[in-house]
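What follows is one structure encoded as structure tokens, with my remarks underneath.
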Amino acid sequence: MLAHSLWRKIALTIIVGGGVVWLYEVTALDSRFAAVQHTDGDPAPPSPGARLLFSATAYCKGTTTASGVNVRSGIAAADPDLLPVGSVVQVDAPGARYDGVYTVMDTGPKVQGRHLDLYMWSCHEALRFGRTAIRIVVLRLGWNPTHSAPGLVDSLFKRREAATRQAPPPSPAPPATEPPRD
């Protein structure tokens, strides 16, 4: 059937060529691609001021963090894709003892997605903390200070600047001219 018709050969060549191109462009879903695509529903980092639910655990081992600073209270480990190193979060945990402002200065292989690992000096206290649900407010995302949530002072300055822009400056009085004398 194809041997006698040139047009059928050309049409079949175009169809086969299109099929090869289509198969070449298809993304093969392997385990690495699936791991990158799985983000626990967080495709992008949260914006400053965002209020989020996280699960939290505590750790007590180690001397330096991934950022190179010594461990101390007020340091947390988080997934760098969600909360990059340098992020500042306010934690509202059950019981007021662990509430406060924490700086994300560490990462870890088991800290993935919406999980925060708080540093505690005492390993006994860290074990007692266990795994718990917490609420966080992102105050700053990463090291860049422009990624901060606007504070009270910023909003007051913006109001004052807006008020001064609305009132036009007083116009100068026209110069008094004397009539010419004869």
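All of the numbers you see were taken from the coordinates with simple rules; none came from a lab. Just so we're clear, the structure is a prediction, and the values are computed from it rather than from any experiment. Please note: Cβ atoms are built from the backbone with ideal geometry, for glycine as well, and neighbour counts cover all protein chains shown.
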query: Hey, got the dipole for the stretch 51-144? About the Cα centre, +1 on K and R Cβ, -1 on D and E Cβ, debye to the nearest 20?
result: 140 debye
task: Kindly rank 94-100, 84-90, 109-115, 56-62 from highest to lowest mean number of other beta carbons found within 10 Å of each residue.
output: 84-90, 56-62, 109-115, 94-100
message: If packing is taken as the average count of other Cβ atoms within 10 Å, what order do 65-72, 8-15 fall into, highest mean first?
response: 65-72, 8-15
statement: So W143 and S47, fully extended at 0.36 nm per residue minus their Cα-Cα distance, gain in nm 33.2 nm
